[in-house]
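Input: a single structure, listed below in structure tokens.
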Amino acid sequence: MSQSQLNLNQVFKQYLQKKSVFKNKESLTDHYVPDQILHREGEITQIAETMAPSLRGHKVSNMFLYGTVGTGKSVSMKHVASELERVSENVKILYVNCKMKRVSDTEYRLLAELIRKMGQMVPPTGLPTDHVYRIFFEIIDSEKQNIILVLDEIDALIQKTGDEILYNLTRINQDMKNAKLSIVGISNNASFTNDIDPRVKSSLSEEEIIFKPYDATQLKDILTKRSIEAFNTGVLENGVIAKCAALAAQEHGDARRALDLLRMAGEIAERSGELKITTNYVDKAEEKLDMDRIEEIIKSQPRQSQAVMSSIIKLHEEGQRDIQTGDVFTYYEKICKSSGLKPLTQRRISDLVGELDMLGVINAKVISKGRYGRTREINVPISKPMLEKIKKILQERYLL
DNA sequence: GTCAATTCACATGAAAGAGACCACGGTCTAGTG
DNA sequence: CTAGACCGTGGTCTCTTTCATGTGAATTGACGA
């Protein structure tokens with residue numbers, strides 16, 4: 001005990017003595033809102049112009065922001081929102097991320113979350129939805145105010161719960177006497193509007209703003225600016241930023257990815273006691289980010305899904321190419337038997353395999369083999385060391 | 001050799017059930033004055 | 001008389017099951033050249 005205590009003390013002491021490459025790591029995380037947002041001037045003015053009428057108490061047009069991940073939609077929106085709230089006191093902005101599991105991914109929970117943001121409480125479950133709806137309505141309409149509701153990742157919400165919520169929310173203005181409500185939807189893909197009611201769609205996208213992916217040069221600018229805040233001077237070797245930018249530009253110009261790479265490169269360098277970040281560390285960072293992501297996914301999967309994963313890995317290890325759903329199911333049943341898990345039906349396994357594919361842990365393509373039926377062809381695009389790590393996790397859970 | 005019909009092995013959808021949570025209102029119980 | 005314990009009802013939410021329908025090309029088998 002005292003031995004390890006001693007060691008820990010040493011570790012902490014060394015850590016404090018060591019010079020850090022970071023000055024302020026915060027500014028490389030994605031919830032950080034920089035005071036100046038580069039290469040989004042056009043979009044920001046457009047948002048601001050759309051929202052400006054609220055200053056005179058007019059209703060703001062509903063708005064839709066499109067763009068792939070990491071193109072600055074949320075930051076831009078938050079930026080304008082906070083400025084607006086600063087200038088005017090009867091404009092209130094409610095920002096909700098609809099993808100947050102168990103917080104706001106259903107109609108009830110979204111409303112509950114909104115009510116919470118308005119400073120009141122509502123039980124997490126138990127009440128009829130329309131009751132919650134009325135509470136929300138009454139809170140909002142109790143004052144003369146202009147509410148702007150920002151629904152981030154709105155596509156996730158619609159996909160899960162249908163478009164009824166949006167319909168209700170867009171209609172709410174008709175019944176309100178004092179307040180006005182406008183909706184800003186933020187979505188990663190433009191195509192999801194296809195499956196919402198055309199009436200809702202037209203009223204919701206009175207104004208549409210499209211965010212294009214950043215190109216490598218723009219990413220470079222962004223990284224440069226943030227790195228000045230984030231790192232101590234002189235720790236970045238030439239070409240590090242360019243490399244992060246280039247890698248992220250390959251992945252549809254995702255600024256978040258670029259920042260993650262840079263931050264992780266810094267962390268790895270620091271942990272190995274370096275005071276200089278080289279491009280070498282960027283490669284390592286990329287690898288580490290991938291590993292972490294997959295590991296996190298596997299760990300957070302429910303047991304059944306883990307069992308399916310085990311089955312796939314086992315078949316993959318036995319050298320089977322083009323694993324089929326049926327194979328997975330057969331082996332899965334064996335795993336269930338040996339681990340005392342209650343086996344699910346094939347129908348369900350089919351869905352679980354699909355989910356694992358969606359998460360990017362495996363590749364499962366639906367193909368038709370003619371006379372020999374239609375199935376998913378499953379591949380495991382995972383590196384050897386990662387595979388070992390996953391196996392270990394699954395073994396700990398008695399699934400291999 | 002050609003062409004439509006057949007057939008396989010699941011995929012994909014819809015609906016409904018099970019079970020965990022939870023709020024609310026009513027009833028019962030025990031403690032208090 | 002009242003605060004708190006204890007139901008029963010009704011609601012949401014997630015994970016599954018059940019039942020039904022869909023699907024795309026290899027294979028088959030009839031047909032004609």
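The values are calculated or read from the model by the stated rules, or taken from the named source; none is laboratory data. No experiment lies behind these values; they were computed from the predicted model shown. Neighbour counts run over all protein chains shown; Cβ positions are idealised from the backbone, glycine included.
When the residues of segment A:145-204 are filtered to those that are among the small types (Gly, Ala, Ser) and within 16 Å of DNA strand B (Cβ to nearest atom), which remaining residue is farthest from A:Ile93 (Cα to Cα)? Quick ask: steps written out before the conclusion?
Taking segment A:145-204 and keeping what is among the small types (Gly, Ala, Ser), we get A:156, A:162, A:179, A:182, A:185, A:187, A:190-191, A:202-203.
With within 16 Å of DNA strand B (Cβ to nearest atom) added as a condition, the list becomes A:162, A:191.
Numbers: A:Gly162: 24, A:Ser191: 26 Å.
Selected residue: A:Ser191.
So that you can scan it fast, the table gives a plain yes or no per residue for (1) touching a Phe, Trp or Tyr at 6+ places or on another chain (Cβ under 7 Å); (2) charged (D, E, K, R):
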{"position": "A:Leu204", "(1), (2)": "yes, no"}
{"position": "A:Thr217", "(1), (2)": "no, no"}
{"position": "A:Lys225", "(1), (2)": "no, yes"}
{"position": "A:Ile228", "(1), (2)": "no, no"}
{"position": "A:Thr233", "(1), (2)": "no, no"}
{"position": "A:Gly239", "(1), (2)": "no, no"}
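Of the numbered conditions (1) assigned by TED's automatic domain parsing to the domain that holds A:Leu157; (2) hydrophobic (A, V, I, L, M, F, W, C); (3) without any contact (Cβ under 8 Å) to a residue 40 or more places away in the chain, A:Leu204 satisfies every one except a single condition; which is it?
Of (1) assigned by TED's automatic domain parsing to the domain that holds A:Leu157; (2) hydrophobic (A, V, I, L, M, F, W, C); (3) without any contact (Cβ under 8 Å) to a residue 40 or more places away in the chain, only one is false for A:Leu204: (3).
For A:Leu38, only one of the following conditions fails: (1) over 22 Å from A:Phe231 (Cα atoms); (2) modelled with pLDDT of 90 or more. What is its number?
For A:Leu38, the exception is condition (1).
For segment A:319-338, give me each residue that is polar (S, T, N, Q) and either away from DNA strand C (no atom under 14 Å from the Cβ) or out of contact with any helix residue (DSSP H, G or I) (no Cβ under 9 Å at 6 or more places or on another chain) (or both).
The initial filter retains those residues of segment A:319-338 that are polar (S, T, N, Q), namely A:320, A:324-325, A:330, A:338.
The answer is A:Gln320, A:Gln324, A:Thr330, A:Ser338.
Which condition from (1) touching a residue at least 24 places away in the same chain (Cβ under 8 Å); (2) within 23 Å of A:Ser203 (Cβ to Cβ) is the one that A:Ser88 breaks?
(2)
Count, please, the residues in segment A:349-368 that happen to be near DNA strand B (Cβ under 7 Å from one of its atoms) and either in a loop (DSSP other than H, G, I, E, B) or at positive phi (or both).
Of the residues in that region, 0 qualify.
Looking only at segment A:342-400, which residues are in contact (Cβ under 8 Å) with a residue 12 or more places away in the chain, within 9 Å of DNA strand C (Cβ to nearest atom) and aliphatic (A, V, I, L, M)?
A:Leu344, A:Ile349, A:Leu352
Checking the condition under 28 Å from A:Ser191 (Cβ atoms), at pLDDT 85 or above and surrounded by fewer than 20 Cβ atoms within 10 Å (Cβ to Cβ), which residue from A:Thr106, A:Thr161 passes?
Numbers: A:Thr161 fails: at pLDDT 85 or above.
It is A:Thr106.
Can you tell me which residue is farthest from A:Phe64 (Cα to Cα) among those in segment A:132-180 that are touching a Leu at 6+ places or on another chain (Cβ under 6 Å) and aliphatic (A, V, I, L, M)?
In this case the residue turns out to be A:Val132.
For segment A:185-230, which residues satisfy the criterion of being among the charged types (D, E, K, R) and closer than 18 Å to A:Ser27 by Cα? Don't jump to the end; show me each part of the working.
To start, the set of residues in segment A:185-230 that are among the charged types (D, E, K, R) comprises A:195, A:197, A:199, A:201, A:206-208, A:212, A:215, A:220-221, A:225-226, A:229.
Within segment A:185-230, A:Lys220, A:Asp221, A:Lys225, A:Arg226, A:Glu229 qualify.
Do we have A:Ile139 as more than 18 Å from A:Tyr167 (Cβ to Cβ), more than 15 Å from DNA strand C (Cβ to nearest atom) and in contact with a Ser or Thr (Cβ under 6 Å, 6 or more places away or on another chain) here?
Details: more than 18 Å from A:Tyr167 (Cβ to Cβ): yes; more than 15 Å from DNA strand C (Cβ to nearest atom): yes; in contact with a Ser or Thr (Cβ under 6 Å, 6 or more places away or on another chain): no.
When the stated conditions are applied, A:Ile139 does not pass them.
Each row is one residue, and each column tells you yes or no for (1) surrounded by fewer than 16 Cβ atoms within 10 Å (Cβ to Cβ); (2) among the hydrophobic types (A, V, I, L, M, F, W, C); (3) touching a helix residue (DSSP H, G or I) at 6+ places or on another chain (Cβ under 7 Å); (4) not assigned by TED's automatic domain parsing to the domain that holds A:Val200.
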residue: A:Ile47; (1), (2), (3), (4): no, yes, yes, no
residue: A:Asn62; (1), (2), (3), (4): no, no, yes, no
residue: A:Gly70; (1), (2), (3), (4): no, no, yes, no
residue: A:Ser76; (1), (2), (3), (4): no, no, yes, no
residue: A:Val80; (1), (2), (3), (4): no, yes, yes, no
residue: A:Arg86; (1), (2), (3), (4): yes, no, no, no
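So which residues in segment A:11-44 are in a helix (DSSP H, G or I), among the polar types (S, T, N, Q) and exposed (fewer than 12 other Cβ atoms within 10 Å of the Cβ)? It would help to see each step written out before you state the result.
Quick first cut of segment A:11-44, residues in a helix (DSSP H, G or I) only: A:11-17, A:25-28, A:41-44.
Filter once more, keeping what is among the polar types (S, T, N, Q): A:14, A:17, A:27.
Listed by number, the residues that qualify are A:Gln14, A:Gln17.
So in segment A:78-102, with the set limited to residues that are assigned to a helix (DSSP H, G or I) and of a type in the set (Gly, Ala, Ser), which one is nearest to A:Leu157 (Cα to Cα)?
Of all residues in segment A:78-102, those assigned to a helix (DSSP H, G or I) come to A:78-87.
Subsequent filtering for residues that are of a type in the set (Gly, Ala, Ser) retains A:81-82.
Values: A:Ala81: 22, A:Ser82: 24 Å.
Ranking the qualifying residues of segment A:78-102, first place goes to A:Ala81.
Looking at (1) away from DNA strand C (no atom under 16 Å from the Cβ); (2) assigned to a helix (DSSP H, G or I); (3) farther than 28 Å from A:Lys288 by Cβ, can you tell me which one A:His316 breaks?
(3)
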